[in-house]
Amino acid sequence: CKSPVDRCFIRPRPRLTTLPHTGRTDVVTVTPWLAPIVWESTFDPVLMDAIFKPQNLTIAATVFAVGKYVQFLKDFLKTSEQFFFIGFNVHIYVFTDRPNDVPKVQLAPGRKVSVRVVQSSQRWQEISARRMEMVHTLLLELSDSTHFIFCLDVDSKFHGRWGSESLGELVAVVHPGYYGNPRSRFPFERRTKSRAYMAPSDGDFYYCGGAFGGSVDQVLALTQTCSKNYRDDEKEGVEAAWQEESHLNRYFWENKPSKVLSPEYLWQDFKPRNPEIRIIRFSGVIKNYAAIRPNV
Ligand SMILES: CC(=O)N[C@H]1[C@@H](OP(=O)(O)OP(=O)(O)OC[C@H]2O[C@@H](n3ccc(=O)[nH]c3=O)[C@H](O)[C@@H]2O)O[C@H](CO)[C@H](O)[C@@H]1O
Ligand SMILES: [Mn+2]
């Protein structure tokens, strides 16, 4: 047998009438609109890479490190070298107001970091929310040679594989804080005056603002809508409960993600690991908000 793709002919074939031995029965693995929900043991990483690697894809990632958040870059970049799309072309775009403080991290062949200088703000809410329009501007400039993009929080580290299994046209990550809660407890924007408004009966999952992605075209559309809605709210003196995360959730309600990533793809270090979380791939570090944000 020549390639890992061929290997699927010699490994035990899944039988449709019995639960596959590689599947999961303790968690939901498909949405009601038939998008996969990616958990450990629902995919074969060797097979997935054998499908995607020959396509010579370039994966972009954006990360913002404004003000004191530059301190998170070193671990973010170093751990991305260990776990994020290993063996693919990866281009990480760092947006910062402190370009001289961006650490030099040793990169494997095919991997690149670019720095883009952005303005700071006196409010962390604005720094976080304005990411949408800056990502949108970046995407307008990218050539056809970039295929997929992920937009990630910087205050985080990779701890496990994040690879080709996460690729899709429109990719959302379920927020680690709310996946056990009923819809009524999701912290959606509930005021009708905001464009991020969600009615009590609305919502599939509560998705996180700290990680999302998809094809360049799909993320272009997403960032255009979310940044416009944030700006239009702002003109009327309205800021959604969780800024761009609220607008993102509204967007994913109207535009269903084609792939959903489980909270393995954005955990939080302060949370104990629940039994269904067999691997933590990416996780937010514990931080002292008062010490690192420009406002409280
Ligand atoms: C895990 C997760 O889903 N986190 C989301 C959550 O809070 P978080 O508490 O995780 O927000 P945060 O403090 O990490 O801010 C979001 C991101 O904005 C950037 N930043 C923020 C402040 C600053 O002074 N400098 C700077 O660079 C940085 O990339 C940071 O990772 O809610 C926010 C809503 O506003 C965002 O949706 C975050 O993505
Ligand atoms: Mn964060």
**Message:** If you roll a 1.4 angstrom probe over the protein chains with everything in place, what fraction of the accessible area of the chain belongs to carbon and sulfur, to the nearest %?
**Reply:** 53 percent
**Prompt:** What is the local net charge at residue 173, summed over the other residues whose Cβ is closer than 12 Å to its Cβ (Lys, Arg +1; Asp, Glu -1)?
**Reply:** -1
**Ratio Rg/Rh, restricted to segment 72-114 and using Cα atoms, in which Rh is the Kirkwood radius** = 0.94
**Request:** Find, to one decimal place in angstroms, the Kirkwood hydrodynamic radius of the chain, where the mean of 1/r is taken over every pair of different Cα atoms and then inverted.
**Result:** 20.0 Å
**Complete:** In degrees, nearest 10, the alpha-carbon axis of helix 131-141 is tilted away from the dominant principal axis of the alpha carbons of the chain by 70 degrees
**Prompt:** Relative to the longest principal Cα axis of the chain, at what angle does helix 73-83 sit, 0 to 90 degrees, rounded to 10?
**Reply:** 10 degrees
**Message:** Please compare each pair in 193/228; 193/271; 53/112; 53/271; 78/256 to a cut-off of 27 Å on the Cα-Cα distance and tell me which ones are over it.
**Reply:** 193/271; 53/271; 78/256
**Prompt:** Using the C-alpha atoms of segment 42-140, what convex hull volume per residue, in cubic angstrom, is computed?
**Reply:** 127 Å³
**Request:** Compute the distribution of all C-alpha to C-alpha distances in segment 31-94, in bins of 5 Å from 0, and list the percent of pairs in each, rounded to whole numbers.
**Result:** 4, 12, 18, 18, 18, 14, 10, 5, 1
**Request:** Let me know the volume per residue of the alpha-carbon convex hull for segment 171-296, in Å³.
**Result:** 127 Å³
**Message:** Sort 276-287, 94-105, 215-226 by the packing proxy (mean of other Cβ within 10 Å over each peptide's residues), most packed first.
**Reply:** 215-226, 276-287, 94-105
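The values are calculated or read from the model by the stated rules, or taken from the named source; none is laboratory data. Predicted, not measured: the structure shown is a model, and the values here were computed from it. Cβ sites come from the backbone with ideal geometry, for glycine too, and all protein chains shown count toward neighbours. The protein model used for the area step is the full one, side chains on, heavy atoms only, and it has no ligands, DNA or RNA in it. Shrake-Rupley method; radii C 1.70, N 1.55, O 1.52, S 1.80 Å.
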